[in-house]
1. Taking the Cα centre of region 7-88 as origin, sum charge times position over the Cβ atoms of Lys and Arg (+1) and Asp and Glu (-1), and report the length of that vector in debye to the nearest 20.
2. Rank by packing, highest mean first: peptides 179-188, 26-35, with packing defined as the count of other Cβ atoms within 10 Å averaged across residues.
3. Show that you can apply the helix-only estimate: for the chain, add -39,500 (n - 2.57) for every DSSP H stretch of four or more residues, divide by all residues, and state [θ] at 222 nm to the nearest 500.
4. For residue 68, which sequence-distant residues (separation of 5 or more, or a different chain) have an amide H within less than 5 Å of its own amide H, given hydrogens modelled in the peptide plane?
5. Could you work out how much longer the chain between residue 168 and residue 277 gets when fully extended? Use 0.36 nm per residue separation minus the Cα distance between them, nm to one decimal.
6. Return one number: the angle in degrees, 0 to 90 and rounded to the nearest 10, between the long axis of the Cα atoms of helix 249-264 and the longest principal axis of the Cα atoms of the chain.
7. For the Cα atoms of the chain, what angle does the longest principal axis make with the long axis of helix 273-301, in degrees from 0 to 90, nearest 10?
8. Take every DSSP beta bridge whose two residues both sit in the chain, then give the antiparallel share in percent to the nearest 5.
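Just so you know, all these numbers are worked out from the coordinates, no wet-lab data involved. Quantities reported herein were computed from a predicted structural model and do not represent experimental measurements. Note that we place each Cβ from the backbone using ideal geometry, even for glycine, and neighbour counts take in every protein chain shown.
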Amino acid sequence: MEFEFGVRADSLRSTLRTLIEQHVPEEFLGAFTHDPKDLEVTERFSRLLAERGLLTMAWPREYGGLDSSLWEQTVVREEMWAHHEPRGAQYMGVNWVGPTIMKYGTAEQRETHLPPIAAGEVVWCQGFSEPDAGSDLPALRTSATKNSDGTWRINGQKCWTSYAMFAKWCFLLARTGEPGRRGISVFLLPMNSPGITVRPIPSMLGPHHLNEVFFDDVVVRDEDILGVLDGGWKIVQDVIAFERVGISRYARCDRLLQWAPEAMGDLWTELPENIVSRWAGALLQTRSVRLLAYKVVQSQEDGKANPASVAAYRTAATLLDQQVAEILMDMVGSVALGGPDPDSHVAEFAIAVEDHWKYAQAATVASGTLEMQRNAIGRTFANHG
């Protein structure tokens, strides 16, 4: 099964791979490691992409983009995720914060927020999940109360907040009205506001970007509400679609699977037949998930995206993540646990596989659990049954 986007997309893919080869170290495994230089790599690389118009190329020119197609933006997503996301935390602003502000924001909000995102200069965090409102997001209790001077006072707690420790802005959900979906509003909140406390959440996966965020009488302007008051749930639906399609997990799976025979070298011929068979099956599954992603991209381009198709893709992609992780871990075996010469090519591959395995464990929980994705699919069919 082949997927061709055309000559322009092929040229773009070649350009991106060259830039990655020239500016991203071979041993790079993402921004969030014990080495602060990895975060610096992503900051430099994001600015480099921005300078060339590649960071937000699918955005309209008036907002710092190139008016490129969603398919060209898909090429960017795939190459970034295949190579451990050298944009670091910038993908959040590019994939969904910016497009959501374009759709729902005021002229002032667009002017304030879109240029810094397009330039790769600002990191956002997402204030959604809470201790008692993770998958059941409409149960959130962080509150925004109107002050007599027209400002709002926010109190509450968020958890699992990626990038909060260095984000400049928070895309925050808070309750401004009745319980449930109808009483939620979105605030664009500066993270340097008095009353915000960020606490890292330790993880068995090693260095991580997850945090708890506490809001104690944090004051925000009325002008920083995105969209209409109490209309946040409609915005959330768009955010979820942008976010889940923008994370091209299948691209990293494909790269690791394609790398395996070369990396294993002579060891490849010694692998048990069942592992090689599972490897081949995973390659086929990767192409199937890629096709699901492309169907969603096409529906977005046609303006006909629906929650069920997005949820179906997300479900397949996260399960693929874990399937590929298990196969590759079985393949490298003792090498992943510190076997032969650490400078060997197979050891380099094993390190990348182990990193993929660690993060794959959370794949079916992050950005909505597997159960919630299936619920979204079920609701759609029930409503159209």
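1. Details: 10 positive and 15 negative charges, 53 e Å.
Using only the charged Cβ atoms, the result is roughly 260 debye.
2. Working: 179-188: 18.7, 26-35: 15.6.
Listed from highest to lowest mean packing, they are 179-188, 26-35.
3. Values: 11 runs with 181 residues, N = 385.
Calculated at 222 nm, the ellipticity per residue is -15500 deg cm²/dmol.
4. 58, 59
5. Values: separation 109, 0.36 × 109 = 39.24 nm, distance 4.73 nm.
Between residue 168 and residue 277, full extension yields 34.5 nm more.
6. Its long axis makes an angle of about 20 degrees.
7. The two axes meet at around 30 degrees.
8. Details: 25 of 31 bridges.
In the chain, approximately 80 percent of DSSP beta bridges are antiparallel ones.
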